[in-house]
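Participant: Here it is, the structure in full.
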């Protein structure tokens, strides 16, 4: 990393955020820039970067036979048997048809269960009845994570099961809710809680001592929405949640996320494109996947076209991003705690990734 040794530091130093930890690593060459009120070991709420962490442990359960990709989830999630599907996205909640098949484990991993978000639902006027139902309860499917809102996993999945599907299983990629469901599925398959499963199978073996569903108030960053404090260090992440949110609930550090990235070299199914052409088209249309070069693996976006094909990663809406390029031996972790209010908020993250590639 010597061609442009200062650009990564320049971009980090110019960042207009309260605190920043930016890490770029190639092999043993690890560069870390720390600015504002952060330290290298500051914990950040990583939000949706939680998704690939949970998908990785599910991959282990698949390897061991505790789960099978194409089995119905009904064995472990009987609440989701005999699903009903909305006749149209804006239909009344009771205007449904039977699901043509059960939801499979593969559907949950690839976010094609029929549950989840698409940007069109937020522009609808009048609002879709399903959106009203998703936002009025305790599920926390829509909006930023709120660890003090959802109930325990069994109660959560029982309430979740009252919602009809937005699409037939396997037909359409929809964001977020499948990630939450994946955590309940993983815990039941392993016969333990999700925090214990992740600690025993991921965090402890990899030395990820600063990652979990509860932060240390002495090291947890203050989260901001604009210029206002959204969550203080002793706020909602300072105590164990009733529902460990497998889609958005973890806190972590730059070094822990580097360790996790390096552990994925032996898990190619997770980081390869797992969508059919039809599913990928719906993912692009959803408004959440963005770049046309992207598709989806297991809980993570994957780059399938262009000069960075083979890379993967994701961003967390509370101000974090994680990029891994095994082809070019590059890991980039950018941690802030200023909530994304729109696509332009990713500019700092994009600029730091570009600078890391140029080094």
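Participant: Taking the range 168-244 as the region of interest, what is the percent of Cα-Cα pairs per 10 angstrom bin, listed from the shortest bin to the one with the maximum distance?
Facilitator: The distribution over the range 168-244 is 16, 34, 34, 15, 2, given as percents.
Participant: Let me know the volume per residue of the alpha-carbon convex hull for the range 235-338, in Å³.
Facilitator: Numbers: hull volume 13.4 nm³, N = 104.
Per residue, the Cα convex hull of the range 235-338 comes to 129 Å³.
Participant: Oh, and also: What FRET efficiency, computed as 1/(1 + (r/R0)^6) with R0 = 45 Å and r the Cβ-Cβ distance, is obtained for residue 132 and residue 29, rounded to the nearest 0.05? Walk me through the numbers before you get to the answer.
Facilitator: Numbers: r = 51 Å, r/R0 = 1.14.
After rounding to 0.05, the efficiency reads 0.30.
Participant: Mind checking Rg over Rh on the range 56-188, alpha carbons, Kirkwood formula for Rh?
Facilitator: 0.95
Participant: Further, regarding this structure: Would you kindly calculate the translational diffusion coefficient of the chain, applying Stokes-Einstein with the Kirkwood radius from alpha carbon pairs, for 4 °C and a viscosity of 1.567 mPa s, and quote it in µm² s⁻¹ without decimals?
Facilitator: Values: Rh = 20.6 Å.
For these conditions, the coefficient is 63 µm²/s.
Participant: What nm distance separates the two modelled labels at residue 82 and residue 278, each placed 7 Å from Cα along Cα→Cβ?
Facilitator: 2.7 nm
Participant: Right, next: Taking 7 Å along the Cα-to-C-beta vector as the label spot, tell me the residue 71-residue 222 distance in nanometres, rounded to one decimal.
Facilitator: In this crude label model, residue 71 to residue 222 measures out at 4.9 nm.
Participant: Next up: What residue among 334, 100, 54 shows peak mean-square fluctuation when the chain is described by a Gaussian network model with Cα springs under 10 Å?
Facilitator: In this elastic network of the chain, the residue with the biggest mean-square fluctuation among 334, 100, 54 is 100.
Participant: What distance in nm separates the two pseudo spin-label positions at residue 152 and residue 92, each 7 Å out from Cα along the beta-carbon direction?
Facilitator: 3.6 nm
Participant: Tell me, what are the semi-axes, in whole angstrom and largest first, of the equivalent ellipsoid of the range 1-96 as set by the roots of 5 times the Cα gyration tensor eigenvalues? Write out the running numbers ahead of the final one.
Facilitator: Numbers: eigenvalues 389, 95, 33 Å².
Here the semi-axes work out to 44, 22, 13 Å.
Values quoted throughout were computed directly from the atomic coordinates according to the rules given, and no laboratory measurement underlies them. In this text, all values refer to a predicted model and were calculated from it rather than measured experimentally. Neighbour counts run over all protein chains shown; Cβ positions are idealised from the backbone, glycine included.
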